[in-house]
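Below: one structure, written as structure tokens.
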Amino acid sequence: MKKEYKQLAPDYRLLLGPGPVEVSPRVLNAMSKPLYGHLDHKFLDIANETMELLRYAFQTENRMTLPMSGTGSAGMETVMVNLLEPGDSAIVCVSGVFGQRLRDMAGRCGAKVISVEAPWGEIIDPEKVREAFKNNSNIKLVAIVHAETSTGVKQPLEEISRIAKENDALLVVDAVTSLGGTDLKIDEWGIDACYSGTQKALSCPPGLSPVTFGKKAIEALNNRKTKVNSWYLDLSMIQNYWGQERTYHHTAPINMIYGLREALLMVYEEGLEERFKRHQLNSDAFVAGVEAMGLKMVVKNKEHRLPTLNAVSIPEGVEDAAVRKYLLEKYGIEIGGGLGDFKGKAWRVGLMGESSSRNNVILLLGALGDAFM
Ligand code: PLP
């Protein structure tokens, strides 16, 4: 007997976790359009517009601004494998799971890694980065997470950027949970290389990782002594598809790019300033609501809280998994549990992109109250 399968029909979910988040029907509709060939001039126009809109979102003039095929970790790996080679030294800032992942990748590239750490829930102290430069020579880059999704911390970048410049090192930034949800100024803040993901504040399904490389980062790439240790992520080849030459490297994920273009167009139509205001307003409302219930935020310093990812401390005696299961089964709402050191200790509420709305905040606050009060 041939096994019977039903047509795909996902249950209702409201995605208010760390990502993926809600996606507009406009984006899903764009993704369902017929395919062009990836070298068709009509598709190349769409690819060019996607790069233009990405420059808008990243607030940069960098020519090399493009979506890598793969999720946010592919962007992270792209930056690390293209900029680091065996024997290089890198300072990696670590105060959560994604800083740890960056450090792991830097080590896998054969670099000597100097960790600068902060307790989870706090920012990296720029003075510690300064000290790391004093105690080590020939540092090629400093890597840091702008929006640490495992803790809900927003890391200020300008002082660390100044320190990197003073020491002639590149600044690499993980903006997976910040791009499109909170201010990120690539050019003004002097960020040399940056990557993000599509499934967070850009409100697109997971599958692409926007990256941007400035002049100094491209110089470092061109001055490598060894080949990039990944064929698939080698930007020196990939830029020939996204640049003037249009030579085949790997097949572009056509419909993902349709989706990203539409999601970026929605960012452009709303305008960055308005979009950041909306994210901040909904996050403030959510925080006020949970604090009124007697709950506490993980990040104590309000200035350092992310509007996109709101980490709430789980009160003593409340069982993490039971509450999340209740929210999912009774309301169809997904929120995230804690990662790494925060497993069982924090809920992670993503109010990003389409998920960041007044109605979602009110619904989640009501559902949370019902779940454990
Ligand atoms: N960096 C940060 C800050 C993230 O939050 C994530 C994913 O949550 C990643 C990197 C990795 O992205 P992905 O899971 O899409 O590979």
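List of remarks:
- Candidate set: the stretch 159-192, residues that are among the acidic types (Asp, Glu) and farther than 20 Å from ALA90 by Cβ; chosen: the one nearest to the ligand (Cβ to nearest atom): ASP183
- Every pair of residues 6+ apart whose Cβ atoms lie under 7 Å, when the first sits in the stretch 190-201 and is surrounded by fewer than 24 Cβ atoms within 10 Å (Cβ to Cβ) while the second is among the hydroxyl-bearing types (Ser, Thr, Tyr): GLY190/SER161
- Flag for GLY259 being among the small types (Gly, Ala, Ser) and either over 18 Å from the mean Cα position of the chain (by Cα) or closer than 28 Å to TRP189 by Cα (or both): no
For (1) over 26 Å from ASN310 (Cα atoms); (2) more than 16 Å from the ligand (Cβ to nearest atom); (3) of a type in the set (Val, Ile, Thr), each residue gets a yes or a no:
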| residue | (1), (2), (3) |
| --- | --- |
| THR198 | no, no, yes |
| PRO206 | no, no, no |
| GLY214 | yes, yes, no |
| ASN223 | yes, yes, no |
| ASN229 | yes, yes, no |
| TYR241 | yes, yes, no |
| VAL267 | no, yes, yes |
| ASP284 | no, yes, no |
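- Among the residues making up the stretch 70-100, those that are small (Gly, Ala, Ser), near the ligand (Cβ under 9 Å from one of its atoms) and over 18 Å from MET51 (Cα atoms) are SER73, GLY96, GLY99.
- Qualifying residue in the stretch 135-156 (condition: more than 23 Å from VAL312 (Cα to Cα), part of a helix (DSSP H, G or I), more than 16 Å from the ligand (Cβ to nearest atom) and hydrophobic (A, V, I, L, M, F, W, C)): no
- Test for GLN239: is it in a helix (DSSP H, G or I), within 20 Å of MET64 (Cβ to Cβ) and not basic (Lys, Arg): yes
- Enumeration of residues in the stretch 244-272 that are of a type outside the set (A, V, I, L, M, F, W, C), part of a loop (DSSP other than H, G, I, E, B) and touching a residue at least 12 places away in the same chain (Cβ under 8 Å): ARG246, TYR248, HIS249, HIS250, THR251, PRO253
- Counting residues in the stretch 57-69 that are more than 12 Å from the ligand (Cβ to nearest atom), of a type in the set (A, V, I, L, M) and either more than 24 Å from the chain's Cα centre (by Cα) or not in a helix (DSSP H, G or I) (or both) gives one or more.
- Sole residue being surrounded by fewer than 18 Cβ atoms within 10 Å (Cβ to Cβ) and either touching a strand residue (DSSP E or B) at 6+ places or on another chain (Cβ under 7 Å) or of a type in the set (S, T, N, Q) (or both), chosen from ASN240, ASN282: ASN240
- Residue satisfying condition, being among the β-branched types (Val, Ile, Thr), buried (at least 18 other Cβ atoms within 10 Å of the Cβ) and part of a helix (DSSP H, G or I), within set VAL323, VAL312: VAL323
- Qualifying positions in the stretch 326-353 - assigned to a helix (DSSP H, G or I) and buried (at least 20 other Cβ atoms within 10 Å of the Cβ): LEU327, PHE342, GLY353
- Within the stretch 354-373, the set of residues being surrounded by fewer than 15 Cβ atoms within 10 Å (Cβ to Cβ) and outside any loop (DSSP other than H, G, I, E, B) comprises ARG358, ASN359, ILE362, GLY366, GLY369, ASP370.
- Some residue of the stretch 194-210 being aromatic (Phe, Trp, Tyr), modelled with pLDDT of 95 or more and not in a strand (DSSP E or B): no
The values are calculated or read from the model by the stated rules, or taken from the named source; none is laboratory data. Only a predicted model underlies this, so the values are computations on that prediction, with no experimental measurement involved. Glycine also receives a Cβ, built like all others from the backbone with ideal geometry; neighbour counts cover every protein chain displayed.
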